[in-house]
Amino acid sequence: MWLYLLSISEIRLALTVKVSDTQQKLNFYDNNFVIAYGLSMSLPDLSMLPGFANNDICIMTIEQRFPLPPWDMENAAQKLQIIEDEWNTLDPEKVITGYAPEAEVRYGTEFLNGHEEIKQFLNRKWEQQLGFKLKLDLWGALKGRMAVRFECEWHDIAGQWYRSYGVQVFEFDDNGYVQMNFTSFNDEPITESDRKLV
């Protein structure tokens, strides 16, 4: 997939333009740029558009993260295993590689937007929740969404172990990145001998 990031000093409306006999869609991205994207193998020349010079155009590429939606139970389970493995590295930098740059996340009562907030949250979380281990269980999948049951085990600084039970919903973009992830859960104190996720 290719993507153009275009400055819009003169164009103020989202529009569709025909370039090289291919319909390409332009969408707003904040107040200063417009996104042009497509699946064609060749990059169209957009310098012919009014208000654009060649140096206004910056080519960006989007790496797709397989497997991709739409989901069935098989490829959704494969994607979920990748997410579980990344979380169990306890490496925020690794985890955010699976999230879209503008991803919206709610984890309990924590509301997060974008890579930096997610990364800071995970750093805080894993400083407090030691020995963290996560297990994800797919309940259902349709189009770009998944419903997931999860449990995780961890202990605090004092050595008290807990098991967290909860549910998550995921929404993925067309390139396989998490763009929304909402999580609700409850914590239960357990003894170390009660652990299941070892």
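Residues considered: GLN128, GLN160, GLN168. Of these, the only one that is within 27 Å of GLN78 (Cα to Cα) and at pLDDT 95 or above is GLN168. Would you be able to say whether some residue in the stretch 156-178 is of a type in the set (S, T, N, Q) and over 23 Å from PRO92 (Cα atoms)? Yes, the stretch 156-178 contains a residue that is of a type in the set (S, T, N, Q) and over 23 Å from PRO92 (Cα atoms). Of the strands (runs of 3 or more DSSP E) lying entirely inside the stretch 54-115, those containing at least 1 residues that are at pLDDT below 95 are 57-61.
Residues that are surrounded by 15 or more Cβ atoms within 10 Å (Cβ to Cβ) and of a type in the set (Val, Ile, Thr) were ranked within the stretch 83-128; the one that is nearest to THR183 (Cα to Cα) is VAL105. Inclusion of LEU142 among residues that are assigned to a strand (DSSP E or B), crowded, with 17+ Cβ neighbours inside 10 Å and of a type in the set (A, V, I, L, M) is not warranted. Residues in the stretch 161-198 that are in contact (Cβ under 8 Å) with a residue 40 or more places away in the chain and aliphatic (A, V, I, L, M): VAL178, MET180, LEU197, VAL198. Evaluated against (1) outside any strand (DSSP E or B); (2) among the basic types (Lys, Arg); (3) open to solvent by 40 Å² or more (accessible area, probe 1.4 Å), ARG149 falls short on exactly one condition, (1).
For the stretch 177-192, the condition holds for at least one residue, the condition being that it is part of a strand (DSSP E or B), at pLDDT 95 or above and touching a helix residue (DSSP H, G or I) at 6+ places or on another chain (Cβ under 8 Å).
The values are calculated or read from the model by the stated rules, or taken from the named source; none is laboratory data. Nothing here was measured: the structure is a model prediction, and the numbers come from that model. Every residue, glycine as well, gets a Cβ built from its backbone with ideal geometry; the counts of neighbours run over all protein chains shown. SASA here: full protein model, heavy atoms, side chains in, ligands and nucleic acids out. Shrake-Rupley method; radii C 1.70, N 1.55, O 1.52, S 1.80 Å.
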